[in-house]
1. Hey, what number do you get for the chain at 222 nm if only DSSP H runs of n ≥ 4 count, each worth -39500 (n - 2.57), divided across all residues, to the nearest 500?
2. Taking the Cα atoms only, what angle lies between the long axis of helix 27-39 and the longest principal axis of the chain, rounded to 10 degrees?
3. Once you charge only the Cβ atoms, +1 for Lys and Arg and -1 for Asp and Glu, what is the size of the charge dipole of region 92-299 about its Cα centre, to the nearest 20 debye?
4. If you find the alpha carbon centre of region 152-172 and of region 277-295, how far apart are they in angstrom?
5. Considering only the chain, what is the antiparallel percent among its DSSP beta bridges, to the nearest 5?
6. Could I have the simple spin-label model distance between Glu165 and Asp267, label points 7 Å from Cα toward Cβ, reported in nm to one decimal?
7. Normalising by the residue count of the chain, find the relative contact order in percent from Cα pairs under 8 Å and 6+ residues apart.
8. Given the options Val109, Val95, Val38, state which has the largest fluctuation in a GNM of the chain using a 10 Å cut-off (strictly under) for Cα springs.
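Please treat every number below as a calculation from the coordinates, not as lab data. Just so it is clear, the structure is predicted and the values come from calculations on it, not from any experiment. Glycine gets a Cβ as well: all are built from the backbone with ideal geometry, and neighbour counts include every protein chain shown.
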Amino acid sequence: MAVTIKDLLQQAVGLLKENWKNHREDPSKEAGLLLSWVLKKDLGYLYAHADTRIDNDKADLFLSCVRRRARFEPFAYITGECEFMGLRFNVNPSVLIPRADTELLAEAVIHALGQRSPFLTQPCFSLTPKAAYRALEIGTGSGCLAVSAAKHVKNVRIDALDISEGALKTAHNNAVYHGVDQRINFMRGDFLDKTVRLYPPYDIIFSNPPYIPTAHIPGLMPDVRDYEPHTALIGGEDGLIFYQALADRVSQLLSPQGLLAVECGYDQAQRVALIFSEKGMETLTLRDLSGIERVVLARSE
Ligand SMILES: C[S@@+](CC[C@H](N)C(=O)[O-])C[C@H]1O[C@@H](n2cnc3c(N)ncnc32)[C@H](O)[C@@H]1O
């Protein structure tokens, strides 16, 4: 016999609580969000229709999603989608799940390219106005940054590099979905390999590179450590390998008065800014909503 929404939620919360001892997530909230996704109804509907019976196929699908979530599989990999800058992105285990913190970098890039970024209230560098801009993204992943930038800024063309074929395929699909694929050139390559083919000069280079020090990986939350691609996480022994590689090549890649915009880890901003200022660049940091210096901007002479 079909079960009610209330029964299903109770069963799910029980399952999640049993598996998630000491885990930071809230079982009731996660169960509600998963059921809301399976039924394509909002949370308000679930509360208002707690006694509504759900057919067995939907109930089975919901419980299989709950079992996956109980094993710490990220919510976004289960649903295959997430939101970034108000846009919907497809995600899968070949890409890092876009984080809310990274929206600060997207806003800084959009601002630098001359568009209003309503949530950016901090001083930020911007490029001299131009009819057409050229940008490079290093480590595009799901394409969330390149696609958001292209969506908001009509006069930019972006070369988006990633080492992962699976990530590039996902990013390309997301660019097609949002109608910006004609202005993003997805390129496979290893940025740490000095012979990788790029097409400078760029007005702006932006990146949310892998920045977790290798030794910190075992201590990450299981949903990140056991499910997200390690190539998207590990930034070498000190987590700074990509910033150093960028600084070493900035003079070949960036046009005069060009900009670098990068995200970094919660305690890395000052070290990252120093890496760029040692190359003679002027730097600025931006704080995320928790007050952490999360984005470093650097301007070439
Ligand atoms: C932290 S993720 C960022 C993904 C996406 N831009 C975002 O902000 O959500 C870093 C990305 O860099 C890519 N990557 C890792 N090593 C790379 C390398 N050596 N060259 C180019 N891309 C690399 C990973 O595959 C991953 O997609």
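1. Numbers: 11 runs with 112 residues, N = 301.
Value at 222 nm, helices only, nearest 500: -11000 deg cm²/dmol.
2. 90 degrees
3. Approximately 820 debye in magnitude.
4. A separation of 24 Å, based on Cα centres.
5. Working: 17 of 38 bridges.
Among the beta bridges of the chain, antiparallel pairing accounts for roughly 45 percent.
6. 3.9 nm
7. Working: 536 pairs, mean separation 42.5, N = 301.
It rounds to 14 percent for the chain.
8. Fluctuation is largest for Val38.
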